[in-house]
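Just so you know, all these numbers are worked out from the coordinates, no wet-lab data involved. Since the structure is predicted, the reported quantities are computational estimates derived from the model, not experimental observations. Note that we place each Cβ from the backbone using ideal geometry, even for glycine, and neighbour counts take in every protein chain shown.
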Amino acid sequence: MNESDTSPGPNGGDDIGMRIVNEVAAALERDPMDLEPLAGLVDVDALSSLASTQSVDVSFEYEGLRVSVRTDGSVGVERLDGRRP
């Protein structure tokens with residue numbers, strides 16, 4: 001299982017959505033502006049709150065990738081087809 005991974009940025013919760021979009025865009029070699037809006041798929045504020053206050057990892061599919069937001073706030077991106085991101 002190959003996975004891309006980023007740690008939390010200095011802006012805390014507000015930047016989790018940007019980190020997700022940037023990781024997915026990089027994995028797909030696409031411009032972030034060409035992706036489906038993340039807010040149409042997940043509530044980014046709720047995701048940020050959950051990741052920062054609960055001891056849970058959250059995963060969901062976005063643009064054909066599995067996105068994982070971990071308890072420490074890091075974001076991982078994994079291709080669903082098993083190929084390297």
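What full-extension length gain, to one decimal in nm, is calculated for residue 72 and residue 52 as 0.36 nm per residue of separation minus the Cα-Cα distance?
Details: separation 20, 0.36 × 20 = 7.20 nm, distance 0.74 nm.
Extending this stretch completely gives an extra 6.5 nm.
Along region 19-24, what does the Karplus equation 6.51 cos²θ - 1.76 cosθ + 1.60 (θ = phi - 60°) give for ³J(HN,Hα), rounded to whole Hz, x for Gly and Pro?
In residue order, the calculated couplings are 5, 4, 4, 5, 5, 5 Hz.
Can you put 18, 33 in order of Cβ neighbours within 10 angstrom, beginning with the fewest? List each step's numbers first, then the result.
Numbers: 18 15, 33 8.
Placing the least packed residue first, the sequence is 33, 18.
For 43, 31, which order do you get if you count the other beta carbons within 10 Å of each Cβ and list the fewest first?
If I rank by nearby Cβ atoms, fewest first, I get 31, 43.
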